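Working notes, structure below.
The values are calculated or read from the model by the stated rules, or taken from the named source; none is laboratory data. Quantities reported herein were computed from a predicted structural model and do not represent experimental measurements. Glycine also receives a Cβ, built like all others from the backbone with ideal geometry; neighbour counts cover every protein chain displayed.
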Ligand SMILES: NC(=O)c1ccc[n+]([C@@H]2O[C@H](COP(=O)([O-])OP(=O)(O)OC[C@H]3O[C@@H](n4cnc5c(N)ncnc54)[C@H](OP(=O)(O)O)[C@@H]3O)[C@@H](O)[C@H]2O)c1
């Protein structure tokens, strides 16, 4: 049998992208020997520079990038890949860029499948979403993005398989954010002010550098929207009812001023905690519900009080937990739980998408 040859261009070598290269280099030999697939990372880039060289076996690829990367230009990349010969080309979007998705069309038309950790392409307006799928279909290319929701957890694949096999999904509910999971798990367990928990989460690197990006609820809302669209619902981001956890007067202004005023958040969160029924805890939950056979579903992201013994109530650490309710499973949802963020599990999820594509579609 002929060895399959897969060429990868990796855009973004930050936390996720660089961890992916490290994981790949460790697993590479085994993949060639056991699965007869030869994967090469033929180009890697950050936002300014690109290295047009195979780093698959480079021991110190960071040093090679520093020494030999050139100014980054998509045309250079396209010209370069047209000189290489392989069975399949994959572009990986491991950027956090809002503009990089504008390159997807050119990449697909140039023969690339796309794998993305970046949520942007799936959360822009529905016209963009549909146009991208049309381009993919016309060019017989795939777009995989398992890590868009729950990092390495198999959430999108599970939902897609259920939906494609005709199982009626009636509700999806869960804690989608590792940082907000930690914050409310700790706040419910400990008798300390909210600001102290939030500061600890920021110090441990669980939140974005400006924790307002987590507390606004937008990231959770994007994940919920991605799942809704997997069910063929035509929701837009603006349809989502989001409870923003930042007081209105603190939503603007610089990060330092916000971080210096965290204690001003304490009273309202303590009030929400005290107002709960006995044995209940607070969780920041995304909920997709309503008649999911209509063109649009109901999407709500909010702070809710749940019984401590429930699946959501017993969450610990930074775990994500997603409940999938379907007709066959009845009142007992299918539950997927585990680390929902972090470079290592996310890179492993991207790696899973590479292998899925390499094994089934190359
Ligand atoms: N970390 C997680 O736990 C996690 C979980 C799930 C999904 N994700 C998603 O994974 C993506 C990457 O996350 P990260 O934590 O690795 O981010 P990061 O550390 O900020 O790295 C982003 C990388 O993308 C590069 N970049 C930015 N714009 C680019 C462009 N236009 N073209 C090429 N490269 C560009 C950056 O280059 P510069 O250094 O030059 O700016 C950097 O190398 C994000 O979309 C994130 O939402 C992350």
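If you scan segment 1-23, which residues turn out to be away from the ligand (no atom under 15 Å from the Cβ) and either over 21 Å from residue 95 (Cβ atoms) or within 20 Å of the chain's Cα centre (by Cα) (or both)?
1, 2, 3, 4, 5
Go through (1) over 26 Å from residue 99 (Cα atoms); (2) out of contact with any strand residue (DSSP E or B) (no Cβ under 8 Å at 6 or more places or on another chain); (3) within 16 Å of the ligand (Cβ to nearest atom) one by one and return the number of the condition residue 198 breaks.
Only one criterion is unmet by residue 198, namely (3).
Report the residue count in segment 161-203 for those that are over 27 Å from residue 231 (Cβ atoms), part of a loop (DSSP other than H, G, I, E, B) and free of Cβ contacts under 8 Å to residues at least 12 places away in the same chain.
Qualifying residue count, segment 161-203: 3.
Mind listing whichever residues of segment 32-70 are assigned to a strand (DSSP E or B), crowded, with 21+ Cβ neighbours inside 10 Å and within 16 Å of the ligand (Cβ to nearest atom)?
41, 42, 43, 44, 45, 50, 51
Condition (residue is farther than 22 Å from residue 349 by Cβ and touching a helix residue (DSSP H, G or I) at 6+ places or on another chain (Cβ under 9 Å)) applied to segment 2-9: is it met by at least one residue?
Yes - at least one qualifying residue is present in segment 2-9.
Given the criterion in contact with a strand residue (DSSP E or B) (Cβ under 6 Å, 6 or more places away or on another chain) and surrounded by fewer than 21 Cβ atoms within 10 Å (Cβ to Cβ), identify the matching residue among 232, 266, 241.
The unique qualifying residue is 241.
Please work out which one of (1) closer than 23 Å to residue 343 by Cβ; (2) in contact (Cβ under 8 Å) with a residue 24 or more places away in the chain is the condition residue 3 fails and give its number.
Residue 3 satisfies every listed condition except (1).
Taking the conditions exactly as written (under 25 Å from residue 114 (Cα atoms) and out of contact with any strand residue (DSSP E or B) (no Cβ under 6 Å at 6 or more places or on another chain)), does residue 317 satisfy them or not?
no
Hey, among 296, 300, which residue is in the same structural domain as residue 204 (by TED's automatic domain parsing), modelled with pLDDT of 95 or more and surrounded by fewer than 17 Cβ atoms within 10 Å (Cβ to Cβ)?
None of the other options fit; the residue is 296.
Here is a list of conditions, (1) in contact with a helix residue (DSSP H, G or I) (Cβ under 8 Å, 6 or more places away or on another chain); (2) surrounded by fewer than 21 Cβ atoms within 10 Å (Cβ to Cβ), and residue 133 meets all of them except one; can you say which number that is?
(1)
Report the residue count in segment 130-152 for those that are at positive phi and more than 9 Å from the ligand (Cβ to nearest atom).
Residues meeting the conditions: 1.
Among the listed residues 281, 350, 285, which satisfies the condition of being at pLDDT 95 or above and within 16 Å of the ligand (Cβ to nearest atom)?
350
Can you tell me which residue within segment 50-82, out of those that are in contact (Cβ under 8 Å) with a residue 40 or more places away in the chain and out of contact with any helix residue (DSSP H, G or I) (no Cβ under 7 Å at 6 or more places or on another chain), is nearest to residue 19 (Cα to Cα)?
That would be 62.
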